[in-house]
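The values are calculated or read from the model by the stated rules, or taken from the named source; none is laboratory data. All of these numbers come straight from a predicted model, not from anything done at the bench. Positions of Cβ are generated from backbone atoms using ideal geometry, with glycine treated the same way; all protein chains shown enter the neighbour counts.
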Amino acid sequence: MNIRQLEAFKATMIAKTTIGAAELLGVSQPAVSRLLGQLEASLCVTLFDRSGGHLQPTPEAHLLYEEVQRAFVSIDKIREIAREMQVANSGMVTVASLPMLAMDFMPSAIARFTASRPASRISLRVQMSPRIEELVASQLIDVGIAEYPFDRSGIEIDEFCSAQYLMAVPRDHRLAAKKRLTPEDLQGERYISITHNHLGRQFADQIFERYGVERRIVLEAQLFSTIANMVSKGLGVGLIDPFTAFDFREDPGLRVIPFEPAVSLRLGMLYPVHRSTSRLAREFISSLKASRRDVLRQINDLFYEG
């Protein structure tokens, strides 16, 4: 039994025919049939009933297929790690960031850096915090920006920012004229929330529960940029992070207002402890910090002062 035989088996189970499996694998139909025959011989099990001119999976085939699917998840993970190691050794700067930073902040920071270093090569991965922490701890990237808390070894941490989420409301909403919003202001409002697996959702839910305020959560989204777009279209109100608020600062359908008590956002810059940092990576990190200072100053001027 080998990987090619299992690939042929998996493809046949998906496509239902050896012709379809051959198309999935980019090989000939006889090659698929030969691989299936070799697999059955090595396992001493009949996997397909071939009577009647059609392949019919046997009960043994269905049982094996469940295990093969699980095995290929691990194989795909190995391939992903191998690709990441290839990139890590390719001489480019590798960085991972949260989606909230990927819409405008990271592209602008990269543009700022490459303006003076046009030959530089940068790989940007957009991931959620646990995956970013994993990439850094595995020494596979030069720098990551993720949300606290962190619990892995093999990383160094600098604070990227400590800020508060802001309430986004439609420009023509009854609350749009207010300078500050509190939980009581949102009693009964149509509310658009980030999904349950996000730390900001947990903090916000705790605050509204503590104040005894019932929101009508009518929509959920995985990205704050999606929430901002929904608010701009008048679908409800919702908390967004300050970087997304900055990205939507010129949106004519959106007003961003400070919210109290604060729903805190704390981001860290993560570095691998055991990975040798190239000169280019050090220069990029320095430029990234400069971009951070500029944007945070503008965010403070726009949303928090006054």
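A single member of MET106, MET100 is assigned to a helix (DSSP H, G or I), touching a Ser or Thr at 6+ places or on another chain (Cβ under 8 Å) and within 19 Å of ARG282 (Cα to Cα), and it is MET106. Do the conditions hold for ALA228, that is, is it small (Gly, Ala, Ser), crowded, with 19+ Cβ neighbours inside 10 Å and at pLDDT below 95? So ALA228 does not fit the description; no.
Taking the criterion of being aliphatic (A, V, I, L, M) and modelled with pLDDT of 95 or more, the residues of region 158-174 that qualify are LEU166, MET167, ALA168, VAL169.
Only one of the numbered conditions (1) part of a helix (DSSP H, G or I); (2) in contact (Cβ under 8 Å) with a residue 40 or more places away in the chain; (3) over 21 Å from GLY268 (Cβ atoms) is not met by ALA115, and that is (2).
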